[in-house]
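The values are calculated or read from the model by the stated rules, or taken from the named source; none is laboratory data. Just so it is clear, the model here is predicted, and its values are computed rather than measured. Note: ideal-geometry Cβ built from the backbone for every residue, glycine included; neighbour counts use all protein chains shown.
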Amino acid sequence: MLNAHTSARAPFPQAHSSGPSLKVERVNVAYSEGKLALRDASLTLEHGSICGLIGLNGSGKSTLFKTIMGFLNPLSGTVTVLGRSSREAQKAGQVSYVPQSEEVDWNFPVSVWDVVLMGRYGHMNRLRIPKKQDLEIARDSLERVGMTAFKDRQIGELSGGQRKRAFLARALAQQGQVMLLDEPFGGVDATTEEVIIRLLTELKNAGHTVLISTHDLDSVRSFCDTVALIAGRTVLEYGPTEQVFTPDNLMRVFGGAASHAAS
Amino acid sequence: MDIAQFFQQAIAPFTYGFMVKATLVSALTGAICAVLSCYVILKGWSLMGDAVSHSVLPGVVIAYLVGLPFTVGAFAFGLLSVVSIGYIKSRSRVKEDTVIGVVFTTLFALGLVMISKVSSEVHLSHILFGDVLGISDGDVLQTVIVGTLTLTGVLMFRKDLLLFCFDPTHARSIGLNTTFLYYALLTVLALTIVTALQTVGIILVVAMLVTPGATAYLLTDKFSKMLVIAAASSVFCGVVGTYISYFLDGATGGCIVVLQGILFMLAFFFAPKHGMLAKSRERRKSQLEDVLERGNLPSSAGGMGND
């Protein structure tokens, strides 16, 4: 199913780097009824780094994600992506996004290939007619995640791990410098987890910036450069993984249940 | 009755100009509605379609009163309902389906009051249930123009619209304006409803905007095929429904919609992959395989439940 040669692809094109690639500064976000959903949240991601966003459901993690994506407007504070607003960075095609599996309608009549091509839409003309280069990049992205054989499958006919890889291929095809992944390890098999970690590391080495939100504490420790602990609707701690990932800190975020993961 | 007589009777409807016109309008309307229905059912906008179609009533009455083309009035009120729903939803705690319910019933009721008080010229039943057999040349022209424009627009931007239905987050993340796409899709929805008014009327328009797409959705996993199947089934129902209504001397819109419902039921039971029979066959097959497997492994029979 997954061939050894998937890793033997050419390296990703090197990203340009000057200044931080993603900066969240003292952001406050409110729900429509006025209550604060996120308060005074700050983080700074450098080029060529992977950051893990850790926190319980309802901690403000997904609000921070949505704010970075530009879906929520902060009351105060700023989000800067590659030196501009996140909306501008999106229009330049620089921000790719891998959704949580729960957010996708798996019965939708689209194939894996359709999904990957959607990653190229920003590079096509208004009628979204793919050029030769778009097709090549889409094929290459499918190959990198080992999904070429499943190209024509309707997305609902895939296993959990294959579904995730199809959407990862779409994000790769987009060729942005910043990639956001919402729960990339939710419901995936070991092979897929390996593929995801390997690809994200390759992206990082090519100077890209990766932000993942996850519950998977083991994977965070093994490959995230920085960690942001989210609790009580704010960024509790942010910094290099080895400094932040202490039993004490994890206790503050998760309570007793998960603190052993850091030891 | 011999064969010659039978054929004479069978083609009799098409010796009348009004029947030819009605058949063509029904077919065109069917095609446009079918294309849009694919988006409506994937986006989950059936109620929205029902709402917009009911809301156009006051617009139609006003257009007749002041002598404007009915499409103008209907379209204006279709848009008004869409904008009011969006506005109220984003500025109150009331849920969307409730807002839709309030807005469209209010506008529809307003239309009813206007008809009963203001005008005797407008035939309520023609607006509510369509009157394709009595369609005027001017109305045919309006339908053709609006219909062709709508169809061209939707087909040209079908990929963006599909992406918007499938994954608005991704659409936004590649820089597309999803608010614009939201209103663009609602605008073509309103335009489509306007084209279908003459054929099936306000009450049944929603069937044209839902059923062909739903039937096609049961028959294929490819969106491009879904568009083709929906359009083919809808054109078929438009033509055959109009034809049957001539012999029944019954409501044309009703005949078309009943036929669409029948096609949907056929797909529901007999669709090769997503039909009920196929699914129960699949279930039986996997049960059988289960039993066979168990037969081969008698020692593990007790632990099968854990698999």
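Within segment A:52-61, the set of residues being within 23 Å of A:THR201 (Cα to Cα), small (Gly, Ala, Ser) and either within 15 Å of the chain's Cα centre (by Cα) or at pLDDT below 85 (or both) comprises A:GLY52 only. Outside any helix (DSSP H, G or I), at pLDDT 90 or above, within 15 Å of the chain's Cα centre (by Cα) and buried (at least 17 other Cβ atoms within 10 Å of the Cβ) - does that describe any residue in segment B:204-214? Yes, the conditions are met somewhere in segment B:204-214.
Scanning segment A:92-118 for residues that are touching a residue at least 12 places away in the same chain (Cβ under 8 Å), at the interface with chain B (Cβ under 8 Å from one of its Cβ atoms) and of a type outside the set (Asp, Glu) yields A:GLY93, A:VAL95, A:SER96, A:TYR97, A:PRO99, A:VAL104, A:PHE108, A:PRO109, A:VAL110, A:SER111, A:MET118. Among the residues of segment A:130-149, those that are part of a helix (DSSP H, G or I) and crowded, with 21+ Cβ neighbours inside 10 Å comprise A:ILE137, A:ALA138, A:SER141, A:LEU142, A:ARG144. Would you confirm, using the coordinates I've provided, whether A:LEU45 is surrounded by 19 or more Cβ atoms within 10 Å (Cβ to Cβ), modelled with pLDDT under 90 and farther than 25 Å from A:GLY255 by Cβ? No. Restricting attention to segment A:150-163, the residues being within 11 Å of chain B (Cβ to nearest Cβ) and assigned to a helix (DSSP H, G or I) number 3. Here B:LEU197 passes the criteria (1) within 10 Å of chain A (Cβ to nearest Cβ); (2) at pLDDT below 95; (3) buried (at least 21 other Cβ atoms within 10 Å of the Cβ) except the one numbered (1).
Within segment B:222-245, the presence of a residue that is farther than 18 Å from B:LEU155 by Cβ, in contact (Cβ under 8 Å) with a residue 60 or more places away in the chain and within 14 Å of chain A (Cβ to nearest Cβ) is excluded. For segment B:161-173, taking the residues that are over 17 Å from B:LEU209 (Cα atoms) and buried (at least 21 other Cβ atoms within 10 Å of the Cβ), the one that is farthest from the other protein chains (Cβ to nearest Cβ) is identified as B:PHE164.
When we screen B:LEU47, B:LEU65 for residues that are surrounded by fewer than 22 Cβ atoms within 10 Å (Cβ to Cβ) and touching a Ser or Thr at 6+ places or on another chain (Cβ under 7 Å), the only hit is B:LEU65.
Within segment A:197-223, the set of residues being within 14 Å of the chain's Cα centre (by Cα), closer than 19 Å to A:ALA15 by Cα and part of a loop (DSSP other than H, G, I, E, B) comprises just one member, A:HIS208.
Does segment B:139-158 include one or more residues that are within 12 Å of chain A (Cβ to nearest Cβ), among the charged types (D, E, K, R), farther than 27 Å from B:GLY254 by Cα and in a helix (DSSP H, G or I)? Within segment B:139-158, one or more residues are within 12 Å of chain A (Cβ to nearest Cβ), among the charged types (D, E, K, R), farther than 27 Å from B:GLY254 by Cα and in a helix (DSSP H, G or I). Might you check whether a residue that is under 18 Å from the mean Cα position of the chain (by Cα), without any contact (Cβ under 8 Å) to a residue 60 or more places away in the chain, in a helix (DSSP H, G or I) and buried (at least 21 other Cβ atoms within 10 Å of the Cβ) occurs anywhere in segment A:180-196? So far as segment A:180-196 goes, yes, one or more of its residues are under 18 Å from the mean Cα position of the chain (by Cα), without any contact (Cβ under 8 Å) to a residue 60 or more places away in the chain, in a helix (DSSP H, G or I) and buried (at least 21 other Cβ atoms within 10 Å of the Cβ).
The single condition among (1) hydrophobic (A, V, I, L, M, F, W, C); (2) surrounded by fewer than 17 Cβ atoms within 10 Å (Cβ to Cβ); (3) more than 9 Å from chain B (Cβ to nearest Cβ) that A:LEU53 does not meet is (2). Of the numbered criteria (1) of a type in the set (Val, Ile, Thr); (2) buried (at least 19 other Cβ atoms within 10 Å of the Cβ); (3) not in a helix (DSSP H, G or I), the one A:VAL116 fails is (3).
A single member of B:LEU218, B:LEU176 is within 14 Å of another protein chain (Cβ to nearest Cβ), in contact with a His (Cβ under 7 Å, 6 or more places away or on another chain) and either part of a helix (DSSP H, G or I) or surrounded by 17 or more Cβ atoms within 10 Å (Cβ to Cβ) (or both), and it is B:LEU218.
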